[in-house]
Amino acid sequence: MARAREFDQDEVLDAAMEAFRHGGFGAVSIRTLEEATGLKAGSIYNSFGDKDGLFQKAVEHYNKVVVELRLHDHLDQNAPLDGLRSLFLSLLDEPGGGSSGCLLTNSAVESGLIKSGALSGVHVGFGLLEAAFVAAIEDMWPGADKARTSAVRLLALYQGVLLLIRSGYSKDALRQMINFEFDMMKGRCS
């Protein structure tokens with residue numbers, strides 16, 4: 001008879017999510033995951049299959065506790081354009097002043113190292129962002145025939161901002177660019 005799990009899965013996924021986000025998939029070893037999660041290698045393998053399995057669960061968890069929450073906090077609580085601006089500007093204020101970036105962005109950059117099945121959560125996360133952007137655009141411009149094209153442009157901008165933050169690009173320059181973009185969009189709404 002198999003033993004019941006004796007760990008809090010959300011805590012383990014939080015720790016794994018941070019390990020992958022900070023170190024990147026390629027640099028995170030089973031040993032690193034043992035240290036981050038407090039689980040032994042055997043428990044990781046028994047519970048998640050392997051590093052790819054734990055990564056996939058960590059990305060699913062990230063989509064739920066980070067992406068969906070951020071979208072709710074910014075887009076569901078504000079007028080569409082204000083919510084989008086707020087969401088983008090919030091990227092510049094990572095807790096602790098760090099610049100580890102986004103698990104989705106960092107993983108997409110490393111996609112050649114990750115099994116395609118484990119990458120499915122990254123695509124789901126991008127889909128969540130794109131769908132939220134489409135909804136905001138359609139809210140601002142009812143009947144917008146190119147809402148999806150505009151949303152993909154915003155998704156590319158969002159991911160680009162995160163990549164530039166990760167590489168140490170000036171947050172002041174990014175703040176100016178974000179405000180410029182949304183001021184331009186505001187002109188279209190007027």
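In this simple spin-label approximation, residue 92 and residue 46 carry label points 7 Å from Cα along the Cα→Cβ vector, and these lie 4.9 nm apart.
Helices in the chain, meaning DSSP H runs of at least 4 residues, each add -39500 (n - 2.57). Divided by all residues, the mean residue ellipticity at 222 nm is -21500 deg cm²/dmol. Size descriptors for the chain (Cα atoms only): Rg and Dmax, in that order, 18.3, 66 Å.
Rounded to the nearest Hz, the phi-derived 3J(HN,Hα) couplings of segment 111-128 under the Karplus curve 6.51 cos²θ - 1.76 cosθ + 1.60 (θ = phi - 60°) are 4, x, 8, 10, 4, 4, x, 6, 7, 4, x, 5, 5, 4, x, 4, x, 4, where x marks glycine and proline.
Full extension of the chain between residue 66 and residue 153 gives 29.2 nm of extra length, using 0.36 nm per residue less the Cα-Cα distance.
With a threshold of 22 Å on the Cα-Cα distance, the over-threshold entries among 64/186; 57/115; 51/115 are 64/186. For the chain, the longest principal axis of the alpha carbon atoms and the long axis of helix 9-23 meet at an angle near 70°. Accessible surface area normalised per residue over the chain is 52 Å², counting heavy atoms of protein chains with a 1.4 Å rolling probe.
Computed log10 I(q)/I(0) for segment 83-190 at 0.23 Å⁻¹: -1.30, from the Debye equation with unit scatterers placed on every C-alpha and solvent omitted.
The modelled label-to-label distance between residue 31 and residue 141, using points 7 Å beyond Cα along the C-beta direction, is 5.4 nm. Accessible surface of the chain, 1.4 Å probe: 53 percent of it comes from carbon and sulfur atoms.
Computed as a quarter of the hull surface, the mean projected area of the alpha carbon convex hull for segment 124-182 stands at 4.3 nm².
Between the helical axis of 171-189 and the longest alpha-carbon principal axis of the chain there is an angle of about 50 degrees.
The values are calculated or read from the model by the stated rules, or taken from the named source; none is laboratory data. No experiment lies behind these values; they were computed from the predicted model shown. No Cβ is skipped: glycine too gets one built from the backbone with ideal geometry, and neighbour counts run over all protein chains shown. Note: accessible area is taken over every heavy atom of the protein model, side chains too, but ligands, DNA and RNA are not part of it. Shrake-Rupley method; radii C 1.70, N 1.55, O 1.52, S 1.80 Å.
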